[in-house]
Amino acid sequence: MRRRSLFSPLGLLFSIALPFVSAAAQIPTPASVLGRNPGDDFYLADYDDAIKYFHALAASSDRIKMFKVGKTTRGEEFEIAVISSPENLARLDEYKSIARKLADSRSLTDGQARELARTSKVIVHIDGGLHSDEVAGGQHSIQLAYKLVSSQGDPQIDAILNNVILVLWPTINPDGQNMVVSWYRRNLGTPFEVAPMPWLYQEYVGHDNNRDGYMLNMLESQVVTRTEIEYSPVIFYCQHQTAPFPARIWIPPFADPISSNISPYMRSWLNVVGTQMSAALQEQHLPGAISQAQFDNWYPGFLDFTHVFRNEISFFTETALYRYATPRFYTVNDFPKPSQDLKALTMYTDPWQGGWWHLSDAVKYMVAGSMSVLDTASKYREQLLYNRWQAAHDNIEHFRHTAPYAYVLPNPQADTPEAALLAQKLLDNGLEVHRASRSFHANGIDYPVGSWVVLMDQPFSGLVKELFEPQHYPQAILDGSAKPVTLPYDVTGWTLPMQMGVRVDAVTDPVGEDQRSALELVSKIDPLSVSVEGAGPAYVLSHKPNASFMAVNEILAAGGSVAFSRDEVHTAEGPETGAFIITGVGHDKLLSIAQKYGVSTVSASHSPQTESKTIPIRKASVGLYRPWQPSIDEGWSRWILEKYGFAPEGLYNAGIKAGNLRARYDTIILPDMSKNQLTDGFKPGLVPSEYAGGIDTDGVAALREFVRAGGTLVAFNRTSSSLIDLFGLPVTNILAGLKNDDFFCSGALLRIELKDASRPALYGLPTDPVVMFERGPAFALKPGFTGAILATYSAGINPLESGVLLHAEKIEGQAAAVEVAYGKGRIFLFGFKPQWRAQSHGAYKFFMNALYRYDEPPFAELHLAKPSDSDKKNTAASAGQDDDDDFAE
């Protein structure tokens, strides 16, 4: 009876279905590979876990392929998963090629574009985020991959796999995911389970890994952008946390303003994607979606948004987060007062009521958001692809008839290596750059052979205009008192030529065929042609190129001698005071270094290496304060100093408080941070004891003694203001205590004036450089000040060059940077960020000049009244310092 039953109709049906059941059963679940389910309370999968699982999926299914696309800063392999139907994956290279053709538009007619849109597939980028303490994104990637690969007979997923090619990044910060998960696992079940991690979750930049979208300083940014250009997705979607509380997820549309340099197709689709997602979340009974709110996308440097200028629908969402994988219960009483009524709003249609919030909830929302994006891409595949072609085509036509028709980067100029670097940045962003093979005539100027020209009738030139033109916040966002209705989310001005100190000329007349015939398209910027003229023994190197600092540091390391010229001398760039005078290095060695950094030298017409005409220098031993409460500004500073060969040593709280700093360092740099972060750090009990606290009073005393003994202290931005009080300096921050109604500048480019360009601290700088002001101080001097005003904001002239500055009159005529004599040493107070996000290259010399040891010339008399003894006692007492005359030594 039992044997016969095997051949019953039911048995036959089971035997037919068995292969399909087995196929689905062969797809491993996340828990079967990892031992836990991503999204579980108190569990986080790290990047290594994710890659392990993705490889298990790829070994069991023909719907997924894995690709290595580069290396992280710490040497981790960057891997991505491409998920689609087996048929689509078999033709992946073909579909990538079609995607690039549609994105470029120039090789296709309208009819050809429509046909490719009808028959091709749409490529979509989705990732698990890049801010690694926003932990749900990386868990969501695993669950999303499993959902798509394991599904059998789901009409929505079948349609997605047929119409869409998903490029799924487990995360775009592998190093950070491993770091954060390791930290959480270490502290799980202890009083520090939800403690913040005491170091940056991406080497050097931490949260600013999403501020490197066009500059591409970091390896991770380069890998993401290079891969994005290769695959040319129509949609680029990045997962973030956290939503504006108590909302559960923030989704597009964005708050205003938005750049007019973005294609209107992309601006419209951003809204469509968001409204589609809102409906999908509602359909799945996932309340708490909010739009607009606090997030605008005015700044183009977000790594998850720069691609919009390459005509991709680029955006992020922000899902609610408590801490790591630890759950939390919320009541309405935890909500901000305005949200406690639970009333629906136009952009918050289904308010969240409170309750438990688990990591699994965040993962569920993220997977729902990703599925909505994939569903939208599947349903509107043909329109999306055709609109991609239209965006490029329309942009080219626009700039064939509208200025600027081109931009020219003259070669040579004051800092030619920086101009070459800027041209290379454009190439790295998928833009086209030409080189003048003969004289290029435009704007009534004959630009030299070798100048770089960026023609604007190319597909993605909106990004060029976005980066090259000054930013003007839309007037429609300003009310009658010239205050934005909603203050900007990030910086408001970033004009790259201003930041980098590079001359860029806009071409205002059409570029004719004869002019174009003088241009050749380049795939990379070739090394600059340099020379070492003459036989020495002394050579002169211009102080104007930033690359000269790298050359000087290598020369010093090779045993050469370097000095600043006190008098004007002839350099390869022309006459100059403060040029580098080099001796002790042979012609061939010097030529090798010059070629490496793209700088030229000439023999001194006569040996100027005399005490009266030069200032001998040596590279300082540099300590860079590195707080346990991580500082992004410290990370950027460290990256720049390492790149330029200054070899900074990380200086932690214990190292400062141990004292005897002058025996170890010539110069100490204090990056931008709040006073509490500097002196107090993490509160005891918040993190393990070894990471608690700041430099406290012992550290402040050690820093004072360091400067008194002849050390140099360099302070950036807000830290400058903190030192005024901590050291009792005879300086005032005139912006202290002002509210946004009285003065506001969240990040804008301001022009300043050098006060005494003959001071070595200012050598190589133009007389009126542009700097990034970001919520910093401005200075006025008190009686008793000894030192120098290095730079000021012009009196009676608004210093704004790009961005938003409200109530400029507050800083007009005030000091932007000062050098304060203190004991035998000096303190540099910069009321701006001279190294902002490794973009403000034109201001680097402000702090790099302070990284050499030399005998300073005496300070000029400022004709300030000396303070009385009682004034000095009061100042000293208020700062908690000894009553000695540190400012007169």
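Regarding Leu590, is this residue within 19 Å of Lys845 (Cα to Cα), at pLDDT 95 or above and open to solvent by less than 10 Å² (accessible area, probe 1.4 Å)? Answer is no for this residue. When Glu801 is tested against (1) in a loop (DSSP other than H, G, I, E, B); (2) acidic (Asp, Glu); (3) within 28 Å of the chain's Cα centre (by Cα), exactly one condition is not met: (1).
For region 821-842, state whether one or more residues are without any contact (Cβ under 8 Å) to a residue 60 or more places away in the chain, open to solvent by 10 Å² or more (accessible area, probe 1.4 Å) and assigned to a loop (DSSP other than H, G, I, E, B). Before the answer, list the steps.
Step one: filter region 821-842 for residues without any contact (Cβ under 8 Å) to a residue 60 or more places away in the chain, giving none.
No, because not a single residue in region 821-842 is without any contact (Cβ under 8 Å) to a residue 60 or more places away in the chain, open to solvent by 10 Å² or more (accessible area, probe 1.4 Å) and assigned to a loop (DSSP other than H, G, I, E, B).
Beta carbons closer than 7 Å, at least 6 apart along the sequence or on distinct chains, pair a first residue in region 545-564 that is farther than 17 Å from Leu528 by Cβ and β-branched (Val, Ile, Thr) with a second that is modelled with pLDDT of 95 or more and surrounded by fewer than 20 Cβ atoms within 10 Å (Cβ to Cβ) for Val562/Leu556. Scanning region 105-131 for residues that are out of contact with any strand residue (DSSP E or B) (no Cβ under 7 Å at 6 or more places or on another chain), within 21 Å of Val164 (Cβ to Cβ) and open to solvent by 10 Å² or more (accessible area, probe 1.4 Å) yields Arg114, Glu115, Leu116, Arg118, Thr119.
Scanning region 229-258 for residues that are β-branched (Val, Ile, Thr) and open to solvent by 10 Å² or more (accessible area, probe 1.4 Å), which turns out farthest from Asp127 (Cα to Cα)? Full working, then the answer.
Filtering region 229-258 for residues β-branched (Val, Ile, Thr) gives 229, 234-235, 242, 249, 251, 258.
Now narrow it down to the ones that are open to solvent by 10 Å² or more (accessible area, probe 1.4 Å): 229, 242, 258.
Values: Ile229: 16, Thr242: 16, Ile258: 23 Å.
Among those residues, the one meeting the criterion is Ile258.
Would you confirm whether or not region 1-24 contains a residue that is charged (D, E, K, R), closer than 21 Å to Thr171 by Cα and either open to solvent by 60 Å² or more (accessible area, probe 1.4 Å) or at pLDDT below 95 (or both)? No, there is no match, as no residue in region 1-24 is charged (D, E, K, R), closer than 21 Å to Thr171 by Cα and either open to solvent by 60 Å² or more (accessible area, probe 1.4 Å) or at pLDDT below 95 (or both).
Tell me, yes or no, whether region 135-144 has at least one residue that is open to solvent by 20 Å² or more (accessible area, probe 1.4 Å), part of a helix (DSSP H, G or I) and under 17 Å from Lys52 (Cα atoms).
Applying the first criterion (open to solvent by 20 Å² or more (accessible area, probe 1.4 Å)) to region 135-144 yields 143.
Retained after the next criterion (residues that are part of a helix (DSSP H, G or I)): 143.
Cutting the leftovers down to under 17 Å from Lys52 (Cα atoms) gives us 143.
Within region 135-144, one or more residues are open to solvent by 20 Å² or more (accessible area, probe 1.4 Å), part of a helix (DSSP H, G or I) and under 17 Å from Lys52 (Cα atoms).
Among the residues of region 519-564, the one identified as in contact with a His (Cβ under 9 Å, 6 or more places away or on another chain), in a loop (DSSP other than H, G, I, E, B), surrounded by 19 or more Cβ atoms within 10 Å (Cβ to Cβ) and hydrophobic (A, V, I, L, M, F, W, C) is Ala538. Against the definition (in a strand (DSSP E or B), open to solvent by 40 Å² or more (accessible area, probe 1.4 Å) and over 28 Å from Val223 (Cα atoms)), how does Gln294 come out, yes or no? Yes, satisfied.
Applying a threshold of 8 Å to beta carbon distances and a minimum spacing of six or more residues, or different chains, the list of pairs starting in region 181-204 at a residue that is farther than 20 Å from Gly39 by Cα and buried (at least 21 other Cβ atoms within 10 Å of the Cβ) and ending at one that is modelled with pLDDT of 95 or more and among the aromatic types (Phe, Trp, Tyr) reads Met197/Trp183; Tyr204/Trp636; Tyr204/Trp639. Among the residues of region 66-90, the ones that are touching a helix residue (DSSP H, G or I) at 6+ places or on another chain (Cβ under 9 Å) and crowded, with 16+ Cβ neighbours inside 10 Å come to 14 in all. Across region 149-165, a minimum of one residue is classified as open to solvent by less than 10 Å² (accessible area, probe 1.4 Å), in contact (Cβ under 8 Å) with a residue 12 or more places away in the chain and closer than 30 Å to Tyr184 by Cβ.
Here's the yes/no breakdown for (1) surrounded by 20 or more Cβ atoms within 10 Å (Cβ to Cβ); (2) not charged (D, E, K, R):
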residue: Met366; (1), (2): yes, yes
residue: Val373; (1), (2): yes, yes
residue: Thr376; (1), (2): yes, yes
residue: Leu384; (1), (2): yes, yes
residue: Asp394; (1), (2): no, no
residue: Asp415; (1), (2): yes, no
residue: Val433; (1), (2): yes, yes
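On the given criteria, is Gly444 over 22 Å from Ile525 (Cα atoms), surrounded by fewer than 17 Cβ atoms within 10 Å (Cβ to Cβ) and modelled with pLDDT of 95 or more? Step through it out loud before you land on a result.
Details: over 22 Å from Ile525 (Cα atoms): yes; surrounded by fewer than 17 Cβ atoms within 10 Å (Cβ to Cβ): yes; modelled with pLDDT of 95 or more: yes.
Considered against the rule, which asks whether it is over 22 Å from Ile525 (Cα atoms), surrounded by fewer than 17 Cβ atoms within 10 Å (Cβ to Cβ) and modelled with pLDDT of 95 or more, Gly444 comes out as yes.
If you check Ala788, Ala780 for being in a strand (DSSP E or B) and surrounded by fewer than 17 Cβ atoms within 10 Å (Cβ to Cβ), only one passes: Ala780.
Residues in region 300-334 that are touching a Gly at 6+ places or on another chain (Cβ under 6 Å) and of a type in the set (A, V, I, L, M, F, W, C) were compared, and the one that is nearest to Gly430 (Cα to Cα) is Phe309. Of the residues making up region 259-282, just one is in a helix (DSSP H, G or I), open to solvent by less than 10 Å² (accessible area, probe 1.4 Å) and of a type in the set (Val, Ile, Thr), namely Val273.
Put simply, of Thr571, Thr508 the only residue that is buried (at least 18 other Cβ atoms within 10 Å of the Cβ) and at pLDDT 95 or above is Thr571. Can you name the residue in region 651-677 that is closer than 17 Å to Gly711 by Cβ and of a type in the set (Gly, Ala, Ser) and, of all such residues, is surrounded by the fewest Cβ atoms within 10 Å (Cβ to Cβ)? Taking the candidates together, the pick is Ala663.
Among the residues of region 208-253, how many are of a type in the set (A, V, I, L, M, F, W, C) and under 20 Å from the mean Cα position of the chain (by Cα)?
Final tally of qualifying residues: 9.
Ile632 meets all of the listed conditions (1) in contact with a Gly (Cβ under 9 Å, 6 or more places away or on another chain); (2) of a type in the set (A, V, I, L, M, F, W, C); (3) under 19 Å from Leu703 (Cβ atoms) but one, namely (3). Here Asn217 passes the criteria (1) in contact with a helix residue (DSSP H, G or I) (Cβ under 6 Å, 6 or more places away or on another chain); (2) of a type in the set (S, T, N, Q); (3) open to solvent by less than 10 Å² (accessible area, probe 1.4 Å); (4) within 25 Å of Glu466 (Cα to Cα) except the one numbered (3). All conditions in (1) in contact (Cβ under 8 Å) with a residue 12 or more places away in the chain; (2) closer than 26 Å to Phe773 by Cβ; (3) surrounded by fewer than 24 Cβ atoms within 10 Å (Cβ to Cβ) hold for Val714, with the sole exception of (3). Counting only strands (runs of 3 or more DSSP E) wholly contained in region 308-420, the ones carrying 3 or more residues that are over 26 Å from the mean Cα position of the chain (by Cα) and either at positive phi or in contact (Cβ under 8 Å) with a residue 24 or more places away in the chain (or both) occupy 328-330, 355-357.
Name the single residue, out of those in region 733-752 being crowded, with 17+ Cβ neighbours inside 10 Å and over 13 Å from Gly776 (Cα atoms), that is farthest from the chain's Cα centre (by Cα). Step by step, filter region 733-752, then rank; the result is Ile752.
The values are calculated or read from the model by the stated rules, or taken from the named source; none is laboratory data. Keep in mind that this is a model prediction, so the values were computed, not measured. Please note: Cβ atoms are built from the backbone with ideal geometry, for glycine as well, and neighbour counts cover all protein chains shown. Just so you know, the surface numbers come from the protein's heavy atoms only, side chains and all, with ligands and any DNA or RNA stripped out. Shrake-Rupley method; radii C 1.70, N 1.55, O 1.52, S 1.80 Å.
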